[in-house]
Amino acid sequence: MKPRLLLIVGMILAAIASRLVPHPPNFTPIGAIALLGGACVANKPLAFVIPLAAMFLSDLVLGLGPQTVWVYASFAATVCIGLWIRSRRTPLTIAGGALAGAVLFFVVTNFGVWAAGTLYPKTTAGLAECYGAAIPFFRNMLLADLFHAALLFGCVALAEKRFPRLREPELVAAQ
């Protein structure tokens, strides 16, 4: 395995393990992992497989729920945000990507709770109630995505600076 991919996969495995320890609701690294996968994994199919496999493997321990398809779809879309920031990686675009991923997760998964569930009436007021009830979870997701994105992207940048062999080939060729 290439050293760069090995580094990223190792960081992701460590972050996955953190999903299995006690944590506040929605304060997990998965959103940041999806963003990192899109932004830093050269093999695009693998960029999608990594966060979705991480979710699936940890869900085998934690349990699969009725909203799984909505959750996985939102993380796949976050990989797409990572693909967009791939050639634009700056602290600002990474923070923006983390913010966009958290908002996307909030909108998609809570729409799924409302549309596929029975907890809220199928009215505009029911949808608004569903989103309102989810605001505390959004706060945690946003903070987790920003924190873990800073940590993961920061570790990649530090490793690339310290060990030039870990840089992406197109970045090395441009120097």
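The values are calculated or read from the model by the stated rules, or taken from the named source; none is laboratory data. What you are looking at is a predicted structure, and each value in this text was computed from that prediction instead of being measured. When we count neighbours, we look across all protein chains shown, and the Cβ atoms used for this are built from the backbone with ideal geometry, even at glycine.
Assorted remarks:
- Region 76-92 - residue that is of a type in the set (D, E, K, R) and crowded, with 16+ Cβ neighbours inside 10 Å and, of those, nearest to Phe56 (Cα to Cα): Arg86
- Of all residues in region 35-57 being of a type in the set (Gly, Ala, Ser) and surrounded by fewer than 17 Cβ atoms within 10 Å (Cβ to Cβ), the one that is farthest from Ser87 (Cα to Cα): Ala53
- Hey, Ala73 of a type in the set (Gly, Ala, Ser), assigned to a helix (DSSP H, G or I), buried (at least 18 other Cβ atoms within 10 Å of the Cβ) and in contact with a helix residue (DSSP H, G or I) (Cβ under 8 Å, 6 or more places away or on another chain) or not: no
- Cβ pairs under 9 Å, 6+ apart, first in region 1-21 and buried (at least 19 other Cβ atoms within 10 Å of the Cβ) and of a type in the set (Phe, Trp, Tyr), second at pLDDT 80 or above and in a loop (DSSP other than H, G, I, E, B): none
- Filter result (under 16 Å from Gly154 (Cα atoms) and assigned to a loop (DSSP other than H, G, I, E, B)) within region 1-43: Pro29, Val41
- The requirement of being crowded, with 20+ Cβ neighbours inside 10 Å, modelled with pLDDT of 90 or more, in contact with a Cys (Cβ under 8 Å, 6 or more places away or on another chain) and not polar (S, T, N, Q) is not satisfied by Gly31.
- Residue within region 138-151 that is among the hydrophobic types (A, V, I, L, M, F, W, C), touching a helix residue (DSSP H, G or I) at 6+ places or on another chain (Cβ under 8 Å) and more than 19 Å from Leu35 (Cα to Cα) present: no
Conditions (1) more than 17 Å from Val79 (Cα to Cα); (2) of a type in the set (S, T, N, Q); (3) out of contact with any Pro (no Cβ under 9 Å at 6 or more places or on another chain), marked per residue:
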| site | (1), (2), (3) |
| --- | --- |
| Phe106 | no, no, yes |
| Phe111 | yes, no, yes |
| Ala116 | yes, no, no |
| Asn140 | yes, yes, no |
| His148 | no, no, no |
| Leu152 | no, no, no |
| Ala157 | yes, no, yes |
| Arg162 | yes, no, yes |
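- Filter pass, Gly101 being closer than 16 Å to Gly37 by Cβ and surrounded by 18 or more Cβ atoms within 10 Å (Cβ to Cβ): yes
- Only listed residue being out of contact with any helix residue (DSSP H, G or I) (no Cβ under 9 Å at 6 or more places or on another chain) and either at positive phi or in contact (Cβ under 8 Å) with a residue 12 or more places away in the chain (or both), chosen from Gly82, Gly63: Gly63
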